[in-house]
Amino acid sequence: MSRNDVIRATDVRKSFGQLQAVNGVSFHVREGQCFGLLGPNGAGKSTLINMIYGTTLRGSGELTVFGLDPSHEARSIKRRIGVVTQDNALDESLTVRENMEIYAAFASVPRDQRAPRVQELLHYMNLGHKQNEPIASLSGGMKRRLVFVRALLNNPELIILDEPTTGLDPAVRHLLWGKVKQLKAEGKTVLLTTHYMHEAEVLCDQLLIMSAGQVIAGGSPEQLRAEHTPGYVAAFDDPPRLAALKAHAESHGLQASQDSSGLYIRAPHLEMLLRFQSENNCAAIQMRPSNLEDVFLQLTGQELTADA
């Protein structure tokens, strides 16, 4: 293992009966990186996370976390990891502070440090004013921030964020993005799974895109865009004309794809799309640089959404 590798996976596989949930996945996560795992439901992301955390044993291949094997050194690994789970799993009958002090005990925070550590993190996540409130009184965004507090109680070296902002409004999502950037600036390593492509572009240094248990692409957001979807995209929503516009685009060497939401035309230069509009007397509903959503569509032919 490289001195700077926090996670290293080589040809990792895991089956459940006839289902090959993870099929020959290899990657490494370096210290201080935010590394993103992307893919639709059923891609194998959660199984991979569970193997890293030690709650699921891998079938074959090599996997190390901090140079340790989670198959038989999971306890040592967990002491150095914090996890923001998909489910909040908070005790609704207790107050915010009571919840966190109980979890601090579970995280082996020394008794005399629990209260100060909880106070520090509640203020860090803008929840200090809610410490004596019952969990049931918190908004969804506040509960999500509290799960971040819980994950940070043991001052982890590696933080696993499993779809941390699903269902949150944009303001809370941006707040949490800021906190993740702060943690990375402090030298923490972050492993992120998300269905939000913009979230991955904002936070991740490196990405792994999975589908049906396999890796289909990897690299930085910039590398993935440059390799798979360079240039610009124009979206059109004019049902009677979409077939003709698609045919015209393809006859002029432009990439065109159509789904239930409309027609998407990709070109290496913005001027080509502007000329296409002029020649066809049409107006795009959106014109923008390509993004990670385009990369995923290009590679798999499907949108990367939470209900995919």
* Asked: Regarding residue 6, is this residue open to solvent by less than 40 Å² (accessible area, probe 1.4 Å) and either out of contact with any Asp or Glu (no Cβ under 7 Å at 6 or more places or on another chain) or at positive phi (or both)?
  -> no
* Asked: When you scan the range 165-188, how many residues do you find that are out of contact with any strand residue (DSSP E or B) (no Cβ under 7 Å at 6 or more places or on another chain), in a helix (DSSP H, G or I) and not β-branched (Val, Ile, Thr)?
  -> 12
* To do: Return yes or no: is residue 283 surrounded by fewer than 16 Cβ atoms within 10 Å (Cβ to Cβ) and more than 28 Å from residue 193 (Cβ to Cβ)?
  => yes
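The values are calculated or read from the model by the stated rules, or taken from the named source; none is laboratory data. This structure is a prediction, so every number in the text was calculated from the model and none was measured. A quick note on method: Cβ atoms are made from the backbone with ideal geometry, for glycine too, and the neighbour counts reach across all protein chains shown. Keep in mind that these areas ignore ligands, DNA and RNA; they rest on the heavy atoms of the full protein, side chains included. Shrake-Rupley method; radii C 1.70, N 1.55, O 1.52, S 1.80 Å.
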